[in-house]
1. Looking at the chain, which longest stretch skips every one of the trypsin sites (Lys or Arg not before Pro) that is in a DSSP loop with at most 12 other Cβ atoms within 10 Å, leaving the sites themselves out?
2. Within the set of other residues whose C-beta is less than 15 Å from the C-beta of residue 1, count the net charge using Lys and Arg as +1 and Asp and Glu as -1.
3. Looking at the square roots a ≥ b ≥ c of the eigenvalues of the Cα gyration tensor of the chain, which shape do they give, rounded for a/c under 1.5, prolate if a/b is larger than b/c, or oblate?
4. Please count, across the chain, the pairs of lysine residues with Cα atoms under 21 Å apart that sit 8 or more places apart or on different chains.
5. Would you kindly derive the ³J(HN,Hα) couplings of the range 8-25 from the backbone phi angles with the Karplus curve 6.51 cos²θ - 1.76 cosθ + 1.60 (θ = phi - 60°), listing them in order in whole Hz, with x for Gly and Pro?
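Any read-out appearing in this document is the output of simple, stated calculations on the displayed coordinates, not a laboratory observation. Keep in mind that what you see is a predicted model, and the values were worked out from it rather than measured. For neighbour counting, all protein chains shown are included, and Cβ atoms are generated from backbone atoms with ideal geometry for every residue, glycine included.
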Amino acid sequence: MEVTKSSEGFEALKSDSSLMRKVVHLDHLMMTIFEFRNGPMETPDPPHKHVHEQITYVASGSLKLFVEDREYLLNEGDIYKIESNLNHSIQTLTEYVKLVDSFTPLREEFI
């Protein structure tokens, strides 16, 4: 299917639907949309890392981004990139945050 409508394809990652994810992919290209509906977070998510390179567009809201020992304040319209195997996490600062992620290679565990 060439088109995914804005209301289609979201899955709840938490039972209360406070974290939603939509995954769209081809053979070598992936886009993932995350909607955080439970902000602001009191503390950052636990740091994690993966072999995938990541570029993220902040479509809505504000957040703190933590990459290794660095901290950034990001707002709607900002973009960040994460190289392979860097520890990173976020902390939402607004009630609603929408992130549009691109990964390479594909995050098979999301499919």
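1. Counting at most 12 other Cβ atoms within 10 Å as exposed, the longest clean stretch of the chain is 15-111.
2. -1
3. Numbers: a/c = 1.68, a/b = 1.16, b/c = 1.44.
Oblate is the answer for the chain, as a/c is 1.5 or above yet b/c matches or exceeds a/b.
4. 14
5. So the Karplus estimates, Gly and Pro as x, are 9, x, 7, 10, 7, 8, 10, 4, 8, 6, 7, 9, 10, 9, 10, 10, 10, 8 Hz.
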